[in-house]
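The structure under discussion appears below in the form of structure tokens.
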Amino acid sequence: MRQLVLVLAVVAASLVATPAFAQRGEASVLVGWTFSDGVTGDSILAGDGNRYDRVDPKDSFKWGFDVGAYTSDNVQVGFLFGQQMSKLTFGGTNTVEVGDLKINTYHGYFAYNFGERDAATRPYVMVGLGATNFASVDFTSPGGRVGTTGSETQFSTTWGAGVKFFGSGNIGGRAGIQWTPTYIKSDAAGWWCDPYWGCYLTGNAQYSNQWDFSGGITFRF
């Protein structure tokens, strides 16, 4: 959460520092579909006779919004929020749905928009820093026990590209793709030894990935 506060502070400072003549911007409302994956772990023999070694969010609908200001004709800084309405699943020799899972993403971003400011079509690329929150999940075990998993927030980045298109007014459309990798954990991979630094344990990082395909309405102001 500290990383999220820092990102929001940087974005706010950038907007305040932007000259008044450049404080034109855009706001978008987005909907789409997200392909998600999770992480692997030790194989566990469950009471149903199956072994489970994966935890994954299920591919699902996502919505979000962003708002940003132009610091030049092409460079834009802003804030991007997204919420995936998913389900938590355990996988292995069988796949089971545990319960409803909301994945919330919060990113301050920098974008570069190609072409003139008032062009009818503007391709863009963007990169963001922030956090991904995996909300708590209510579940009922096969034995009838009711419980709730803990909520987890981790640092994440986001990378995207797409195109914005406008008619004669200030209301247009937008379509794009976005990749959000979120660090979850590292698994021990072995020992690495160096004559100078000595020996230390190395690990393989595991990330939960979200691939978003979305579109929506964009307002210029």
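In table form, for the structure just shown:
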{"quantity": "Qualifying positions in the stretch 186-211 - of a type outside the set (Ser, Thr, Tyr), exposed (fewer than 14 other Cβ atoms within 10 Å of the Cβ) and either at pLDDT 65 or above or touching a helix residue (DSSP H, G or I) at 6+ places or on another chain (Cβ under 9 Å) (or both)", "calculated": "205"}
{"quantity": "Residues being closer than 14 Å to residue 89 by Cβ and either part of a strand (DSSP E or B) or in contact with a Lys or Arg (Cβ under 6 Å, 6 or more places away or on another chain) (or both) - total across the stretch 35-75", "calculated": "14"}
{"quantity": "Unmet requirement for residue 168, which otherwise passes all of (1) surrounded by fewer than 18 Cβ atoms within 10 Å (Cβ to Cβ); (2) of a type in the set (S, T, N, Q); (3) in a strand (DSSP E or B)", "calculated": "(3)"}
{"quantity": "Selection within the stretch 99-124 - among the small types (Gly, Ala, Ser) and surrounded by 13 or more Cβ atoms within 10 Å (Cβ to Cβ)", "calculated": "99, 108, 111, 115, 119"}
{"quantity": "Whichever residue in the stretch 77-98 is touching a helix residue (DSSP H, G or I) at 6+ places or on another chain (Cβ under 9 Å) and hydrophobic (A, V, I, L, M, F, W, C) and, among such residues, is surrounded by the fewest Cβ atoms within 10 Å (Cβ to Cβ)", "calculated": "79"}
{"quantity": "From the options 139, 90, residue that is under 18 Å from residue 59 (Cα atoms) and among the aromatic types (Phe, Trp, Tyr)", "calculated": "90"}
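Yes/no matrix, rows are residues, columns are (1) out of contact with any Leu (no Cβ under 8 Å at 6 or more places or on another chain); (2) touching a residue at least 40 places away in the same chain (Cβ under 8 Å); (3) not β-branched (Val, Ile, Thr):
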| site | (1), (2), (3) |
| --- | --- |
| 137 | no, yes, no |
| 145 | yes, no, yes |
| 149 | no, yes, no |
| 153 | no, yes, no |
| 165 | yes, yes, yes |
| 169 | yes, no, yes |
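The values are calculated or read from the model by the stated rules, or taken from the named source; none is laboratory data. Since the structure is predicted, the reported quantities are computational estimates derived from the model, not experimental observations. For neighbour counting, all protein chains shown are included, and Cβ atoms are generated from backbone atoms with ideal geometry for every residue, glycine included.
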